[in-house]
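Presented below is the structure to which this report refers.
The values are calculated or read from the model by the stated rules, or taken from the named source; none is laboratory data. Small disclaimer: the values here were computed from a predicted structure and weren't measured. Here the Cβ positions follow ideal geometry from the backbone for every residue, glycine too, while neighbour counts run over all protein chains shown. When the accessible area is computed, the model is the full protein with side chains, heavy atoms only, and any ligands, DNA or RNA have been set aside. Shrake-Rupley method; radii C 1.70, N 1.55, O 1.52, S 1.80 Å.
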Amino acid sequence: MSFLSAGNRRDFLKLTAAGTLLGSGFASRVSAAESCAPENLSQVNVSHYLLRNVRLEEGFIRKQDVITATRTGLYDIEIDGASIAGIHSPGFSSPLPAWDAAGHILLPATRDMHIHLDKTFYGEGWRAPLPRKSVIDMIHQEEQILPELVPTSEGRAEKLIGLLQSKGSTEARSHCNIDPISQLQGLAHLQQAIAHHRQDFSAKVVAFPQHGLLRAHVEGMMREAMKMGANYVGGLDPTNVDGAMEKSLDTMFSIALDFAAPIDIHLHETEPHGVAAIRYMLKTVRDNPQLKGKVTISHAFALGTLSGKELDAMIEELKEQQFSIATTVPIGRVIMPLPQLRAAGIPVWSGTDTIADHWQPFGSGSMLEKANVYSQLYRGPDEYSLSRALGIATNEILPLNSQGEQQWPKTQDPATMMLVAASCSAEAVAHVAPVMATFHQGKQVFGALAKI
């Protein structure tokens, strides 16, 4: 058997990614069917309770200094309100109501750090996107579709939140269109949907000029969106869409400075426009220190066009100005330097982007799937690499640190977590294992467990 070359590996992954999606979906259907059988299954309905027979990671197993497996043990976990109140030996004597975790591994809940909850076909049956030629072509299509989507966007956003919870995510950063068609109505609907889930889901909103900040003349509307409570100022390809890189970025930064708000910009542009845009943003932050640590570049495909000393210098400057990167872990021609960014200490977050809309239909809502694809592309198939890949889906909260020391969960940690049908985090990533239950600040928001 010969190893795949880098190019062949990318082509192979394009073919196998669909299999990963289908496999994870099949596993979810099987687990759901099996979980419906016992009559004593229920959701936790009290604030102070025990989860018994919870599997936790305890350390790595090594053979001749090679990590070969993960050691785990069973525990009883006490939850009080939003926090983990105690981690007890199995069979802990307590009068508290208890539910059986059935030996499933407990992992930190995942976070979807780049999604569009405001515009989705999800929940309305199958609908494939139309052919496209460019981002501008897609914007023209969206201009035709939005009048249909906006009136019912609140309900579809709530369905999408439910899907994310079923996949283990209880936190998201959602971009929301600010454009001449939806204007501020989409934002109002999204805020209402999020408000309905205040107890079981946390979301921050990016005011996103999808049709261009300058092209669509929405600076005033963006400012109104910030007054309405949007959390981040968004932006979009300042050259390819807005046609004026410096003016577009200056306008975006001006809004952010006026509202003391962080930034999350979609940057699909590659070399040379994308690299120039990143360098201009770095310069702007250097000139305005109050922006340091407040800029996220979503996609950032231009980084995949750099190599060697040029890439090293860019990464060093991104680290110095405390930029973060949000990625969908793309499969394609551009191989992103995600491992190098993470190794440098630059926050790299992942997101599903879209689940089902006119841009693409491939999303499943699973951040474990993103960790799986990341591991296939960048980390490798061994126990240690798989366990580290989970961090891209949990904002680097991991059960074990790099030395194999147990670091999560600890008493008083937020009880925001998921029970997964796997023996350890490495298996959960490798198999995109089914999520059996999801908890947000102690409240069970998905799944059913046997009451004991």
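Observations on the model:
- Total residues in segment 347-367, condition farther than 19 Å from K159 by Cβ and surrounded by fewer than 20 Cβ atoms within 10 Å (Cβ to Cβ): 1
- Within segment 212-232, residues that are in contact (Cβ under 8 Å) with a residue 12 or more places away in the chain have Cβ atoms under 7 Å from residues that are open to solvent by 20 Å² or more (accessible area, probe 1.4 Å) and among the aliphatic types (A, V, I, L, M) in these pairs: L214/A244; M221/L184; E224/L184; A225/L184; M228/L184, counting only partners at least 6 apart in sequence or on another chain.
- For segment 150-177, a tally of residues being touching a His at 6+ places or on another chain (Cβ under 6 Å) and among the small types (G, A, S) returns 1.
- The set of residues in segment 87-120 that are outside any loop (DSSP other than H, G, I, E, B) and surrounded by fewer than 16 Cβ atoms within 10 Å (Cβ to Cβ) is empty.
- Residues of segment 63-86 satisfying the condition of being farther than 19 Å from L398 by Cα, without any contact (Cβ under 8 Å) to a residue 60 or more places away in the chain and part of a strand (DSSP E or B): K63, V66, D76, E78
- Residue that is nearest to L318 (Cα to Cα), among those in segment 282-305 that are without any contact (Cβ under 8 Å) to a residue 60 or more places away in the chain and small (G, A, S): G293
- Each residue in segment 368-384 was checked for being farther than 12 Å from H431 by Cα and either open to solvent by less than 10 Å² (accessible area, probe 1.4 Å) or touching a Gly at 6+ places or on another chain (Cβ under 8 Å) (or both), and 1 pass.
- Checking each residue in segment 281-296 for being among the charged types (D, E, K, R) and surrounded by fewer than 17 Cβ atoms within 10 Å (Cβ to Cβ) picks out K283, R286, D287, K292.
- Taking the numbered list (1) modelled with pLDDT of 95 or more; (2) open to solvent by less than 10 Å² (accessible area, probe 1.4 Å) in turn, G304 passes all entries but (2).
Each row is one residue, and each column tells you yes or no for (1) touching a Cys at 6+ places or on another chain (Cβ under 8 Å); (2) under 21 Å from H440 (Cβ atoms).
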{"site": "L117", "(1), (2)": "yes, yes"}
{"site": "E124", "(1), (2)": "no, no"}
{"site": "R127", "(1), (2)": "no, no"}
{"site": "H140", "(1), (2)": "no, no"}
{"site": "Q144", "(1), (2)": "no, no"}
{"site": "L149", "(1), (2)": "no, no"}
{"site": "K167", "(1), (2)": "no, yes"}
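- Residue that is surrounded by the fewest Cβ atoms within 10 Å (Cβ to Cβ), among those in segment 319-333 that are without any contact (Cβ under 8 Å) to a residue 40 or more places away in the chain and within 30 Å of S364 (Cβ to Cβ): P330
- Test: L130 is open to solvent by 20 Å² or more (accessible area, probe 1.4 Å), in contact (Cβ under 8 Å) with a residue 40 or more places away in the chain and over 23 Å from the mean Cα position of the chain (by Cα): yes
- Options H175, H196, H217: the member that is closer than 16 Å to L149 by Cα and not hydrophobic (A, V, I, L, M, F, W, C): H175
- All positions within segment 231-249 that are over 18 Å from G293 (Cα atoms), open to solvent by 10 Å² or more (accessible area, probe 1.4 Å) and either touching a strand residue (DSSP E or B) at 6+ places or on another chain (Cβ under 8 Å) or part of a helix (DSSP H, G or I) (or both): D242, M245, E246, K247
To keep it simple, each residue is scored yes or no on (1) under 28 Å from D137 (Cβ atoms); (2) free of Cβ contacts under 8 Å to residues at least 12 places away in the same chain.
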| site | (1), (2) |
| --- | --- |
| N240 | yes, no |
| A244 | yes, no |
| S248 | yes, no |
| D258 | no, no |
| P262 | no, no |
| E269 | yes, no |
| P272 | yes, yes |
| A276 | yes, no |
| Y280 | yes, no |
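- Number of positions in segment 109-138 that are out of contact with any Ser or Thr (no Cβ under 8 Å at 6 or more places or on another chain), over 18 Å from L187 (Cα atoms) and of a type outside the set (S, T, Y): 15
- For D413, the requirement of being open to solvent by less than 60 Å² (accessible area, probe 1.4 Å), modelled with pLDDT under 95 and among the charged types (D, E, K, R) is not met.
- For the condition touching a residue at least 24 places away in the same chain (Cβ under 8 Å), under 24 Å from A82 (Cα atoms), under 23 Å from the mean Cα position of the chain (by Cα) and surrounded by 19 or more Cβ atoms within 10 Å (Cβ to Cβ), A207 does not qualify.
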